[in-house]
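Heads up, the thing below is written out as structure tokens.
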Amino acid sequence: MTPGERAALADLPLRDDLRGRTPYGAPQLAVPYQLNTNENPYPPPPELVADITAAVAEIAGTLHRYPDRDAVGLRTDLAAYLAESTGVPLTTANLWAANGSNEILQQILQAFGGPGRSALGFEPSYSMHPIIAAGTRTDWVPTPRRADFSLDVDAAVAVLAERSPDVVFVTSPNNPTGQSIPLSDLRALVAATSGIVVVDEAYAEFSPQESAVHLIEDFPTQVIVSRTMSKAFAFAGGRLGYLAAAPAVVDALLLVRLPYHLSALTQAAARAALRHADQTLASVHKLAAERDRVIEALSGFGATVVPSDANFVLFGQFADAAAAWQSYLDKGVLIRDVGIPEYLRVTVGTPAENDAFLAASKEIV
Ligand SMILES: Cc1ncc(COP(=O)(O)O)c(C=O)c1O
């Protein structure tokens, strides 16, 4: 028996509002085909591995000192990347970075949500938005999408006017459904609220839609664009998320971030990864082409497939999605049951991984 084992969660003086909740828990299983957490299937190229190794070796000799608390070098590199890829002249002052975009989202709710405040999201969407709201004691206002999972912008505008949330989450492309939102629709949503609008662009590199960073200039007190290096950048293990917003937003987050939250190792590794962005991001085109192949094949098998601008595909319809998920797993293919009745989500992998998934689908769909 391990020390303390006789105490159960129910025995702890846990906050009442956290009792009975379930933690985030995508299974991490050692199976041949891991297509359940929307990672990039291509490992870092050898040049990037060498560059990270050298950068970390250099930093290792300085680990007795705290890292740059404000991660200025990294934020400057992120600004350069985002300015170049979007055409918006963002600078270091517009950027903020943290350990994954989950931490970015948490800092946003620590600063702009909290007790007595509310956050609204269009569901189904990223499951961590309500979990982070719960952790920060922000009231969660779930608002449904259409039956086909698209966003009804007129209905959304009306809900925003009626509910006046302090924070609105708009995920584009949306996880787990895949559709992105045109900039003109986003503009209408932002104009319909006085709250903060967090546009979660975790999968933006896969989408043809323009980034919401174009709205920062017109709505500096409202628009925050959240990004991550976990997906297109193939850096999920490095844990680096970031945001672009007006400089005042970054000032607000300095009030809630923990000092030295971003380790010197993370900062150095992320800067090395950014130096190889062209190489890493070359996988985006390959993955988009594979996504379209997967969509076409699934449709050919008679599946209902939701259009996707991301590196994953939501498909159905299964009489019993949980049983279908298990059938995939029995064939060594781990996909995701996101809790939407009749649907499952698959991450686009390498051509060989997608072939394995499609071979299984032929029998299961
Ligand atoms: C929409 C969305 N936002 C944010 C994240 C968090 O990513 P990370 O914390 O790895 O940056 C994810 C991860 O799956 C996601 O799907």
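The values are calculated or read from the model by the stated rules, or taken from the named source; none is laboratory data. For clarity, every value in this text was computed on a predicted model and none was experimentally measured. Reconstructed Cβ throughout: ideal geometry from the backbone, glycine too, with neighbour counts over all protein chains shown.
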Return yes or no: is ALA289 at pLDDT 95 or above, among the small types (Gly, Ala, Ser) and surrounded by 14 or more Cβ atoms within 10 Å (Cβ to Cβ)? no
Take ALA248 and tell me if it is more than 13 Å from the ligand (Cβ to nearest atom) and surrounded by 20 or more Cβ atoms within 10 Å (Cβ to Cβ). no
Residue that is surrounded by the fewest Cβ atoms within 10 Å (Cβ to Cβ), among those in region 136-168 that are closer than 27 Å to PRO23 by Cβ and touching a residue at least 60 places away in the same chain (Cβ under 8 Å): ARG137
Restricting attention to region 223-238, report how many residues are over 17 Å from ALA268 (Cβ atoms) and in contact with a Gly (Cβ under 9 Å, 6 or more places away or on another chain). 5
Give region 215-244 a look and list any residue that's part of a loop (DSSP other than H, G, I, E, B) and within 16 Å of the ligand (Cβ to nearest atom), or say none. MET229, SER230, LYS231, ALA232, PHE233, ALA234, PHE235, ARG239, LEU240
Number of the condition not met by TYR260 [criteria: (1) more than 19 Å from ASP200 (Cβ to Cβ); (2) touching a strand residue (DSSP E or B) at 6+ places or on another chain (Cβ under 6 Å); (3) hydroxyl-bearing (Ser, Thr, Tyr)]: (2)
Going through region 37-65 one residue at a time, which ones are part of a helix (DSSP H, G or I) and closer than 24 Å to GLU353 by Cα? PRO46, LEU48, VAL49
Expected single match for part of a strand (DSSP E or B) and either of a type in the set (D, E, K, R) or crowded, with 20+ Cβ neighbours inside 10 Å (or both) among VAL346, VAL294 is VAL346
Checked region 130-149 for anything out of contact with any helix residue (DSSP H, G or I) (no Cβ under 9 Å at 6 or more places or on another chain) and among the small types (Gly, Ala, Ser); matches are ALA147
Select from region 78-101 the residues that are among the polar types (S, T, N, Q) and surrounded by fewer than 20 Cβ atoms within 10 Å (Cβ to Cβ) and write down the one among them that is farthest from VAL223 (Cα to Cα). ASN99
In a strand (DSSP E or B), surrounded by 16 or more Cβ atoms within 10 Å (Cβ to Cβ) and within 16 Å of the ligand (Cβ to nearest atom): is that true of ALA133 in this structure? no
Would you tally the residues in region 202-211 being under 21 Å from ALA289 (Cβ atoms), within 16 Å of the ligand (Cβ to nearest atom) and assigned to a loop (DSSP other than H, G, I, E, B)? 4
Filter result (hydroxyl-bearing (Ser, Thr, Tyr), in a loop (DSSP other than H, G, I, E, B) and either within 21 Å of THR138 (Cα to Cα) or away from the ligand (no atom under 16 Å from the Cβ) (or both)) within region 158-191: SER164
Those residues of region 26-56 which are within 14 Å of the ligand (Cβ to nearest atom) and without any contact (Cβ under 8 Å) to a residue 40 or more places away in the chain amount to GLN28
Against the conditions (1) of a type outside the set (S, T, N, Q); (2) surrounded by fewer than 22 Cβ atoms within 10 Å (Cβ to Cβ); (3) out of contact with any helix residue (DSSP H, G or I) (no Cβ under 9 Å at 6 or more places or on another chain), where does LEU314 fall short? Just the number, please. (2)
